[in-house]
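**Q** Submitted below is the structure of interest, expressed as structure tokens.
The values are calculated or read from the model by the stated rules, or taken from the named source; none is laboratory data. What you see is a predicted model; the values in this text were computed from it and never measured. As a convention, Cβ positions derive from the backbone with ideal geometry for all residues, glycine included, and neighbour counts pool all protein chains shown. What goes into the accessible areas is simple: the full protein's heavy atoms, side chains included, and nothing from ligands, DNA or RNA. Shrake-Rupley method; radii C 1.70, N 1.55, O 1.52, S 1.80 Å.
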Amino acid sequence: MTAFVFDLDGTLVDSVYQHVLAWREALEKTGIELAVWRIHRRIGMSGGLLVNALLRETGHQVTVEEATQIQQIHEQAYARQVAQVRPLPGARELLAYLSKTGVPWAIATSGRLESACPTLRLLGIGSEVTVITRDQVAHAKPDPDLFLAAAARLGVEISDSVVVGDSVWDLLAARRARALGVGLLSGGYGQDELERAGAYRIYQDPADLLRHLDEVGVRATG
């Protein structure tokens with residue numbers, strides 16, 4: 001049976017730009033100025049890798065303690081903006097349909113549980129749903145650990161799973177896990193980028209994916 005593993009930010013909830021602005025605030029408070037489009041290009045990576053990548057671009061060097069502080073400021077800044085976050089069109093309906101038809105699904109996010117909880121509540125997701133966060137794996141995206149852990153928790157083979165994400169880092173991790181990757185444009189990456197990263201199909205948002213589930217192996221019921 002096909003199972004689905006979903007990224008969270010930019011895939012099920014419209015939170016990418018809140019994260020971008022939170023990262024900009026965190027960087028500026030440590031004396032690093034960077035255009036928001038450069039930050040956006042790294043959204044989807046784990047926080048530690050994102051900080052390292054951005055610092056490499058700017059030529060700044062920071063200590064481990066300073067890098068940790070940047071991540072903490074980001075978490076605080078994002079928490080102040082989370083009230084602006086909304087589910088993406090069709091997200092709740094897509095998850096409800098998969099549950100109704102008996103298709104296993106899970107969420108795997110590079111965010112830590114504390115920052116993910118408010119957005120999970122927006123989707124009406126409770127403790128009965130399999131959720132894998134950064135806290136539970138050794139490495140986050142673009143490593144495949146999150147998706148492998150989600151498939152293992154669902155009791156399915158990763159090769160029988162469809163990974164749905166909005167960033168090139170999601171799709172790179174899906175490819176490394178040997179899962180089928182499906183891309184959504186709702187996180188701001190372009191179709192060509194997602195296809196080059198390994199997406200089998202590209203859809204606008206969760207609502208568009210719901211309309212085309214037959215293309216990824218889910219047959220209509222009834």
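**Q** Could you order peptides 180-187, 44-51 by the average number of other Cβ atoms within 10 Å of their residues, highest first?
**A** Per-residue Cβ counts within 10 Å, averaged per peptide and sorted highest first, yield 180-187, 44-51.
**Q** Another question, then. Using alpha-carbon pairs under 8 Å, 6+ residues apart, how would you state the relative contact order of the chain in percent?
**A** Normalised by residue count, the contact order of the chain is 25 percent.
**Q** Kindly provide the helix-only [θ] at 222 nm of the chain, computed as the sum of -39,500 (n - 2.57) over DSSP H runs of four or more divided by all residues, to the nearest 500 deg cm²/dmol?
**A** -13000 deg cm²/dmol
**Q** Next question, about the same structure. Build a GNM of the chain with springs between Cα atoms under 10 Å: which of 199, 116, 150 gets the top mean-square fluctuation?
**A** Taking springs between Cα atoms under 10 Å, the residue moving most is 116.
**Q** Quick one: work out the % antiparallel among DSSP beta bridges in the chain, nearest 5.
**A** Once the DSSP bridges in the chain are tallied, antiparallel ones form about 5 percent.
**Q** Over region 22-164, one equal point on each Cα, no solvent: what is log10 I(q)/I(0) by the Debye formula at q = 0.11 Å⁻¹?
**A** Those come out to -0.48, one per q.
**Q** Something else: If you average over every viewing direction, what projected area does the convex hull of the Cα atoms of region 102-194 give, in nm²?
**A** That works out to 6.1 nm².
**Q** Roughly how tilted is helix 145-154, in degrees to the nearest 10 and between 0 and 90, from the longest Cα axis of the chain?
**A** Its long axis makes an angle of about 30 degrees.
**Q** Need one value: the accessible area of residue 128 in square angstrom, 1.4 angstrom probe, rounded to the nearest 10.
**A** 140
**Q** Please list 136-144, 69-77 highest first by mean number of surrounding beta-carbon atoms within 10 Å per residue.
**A** Answer by packing, highest mean first, reads 136-144, 69-77.
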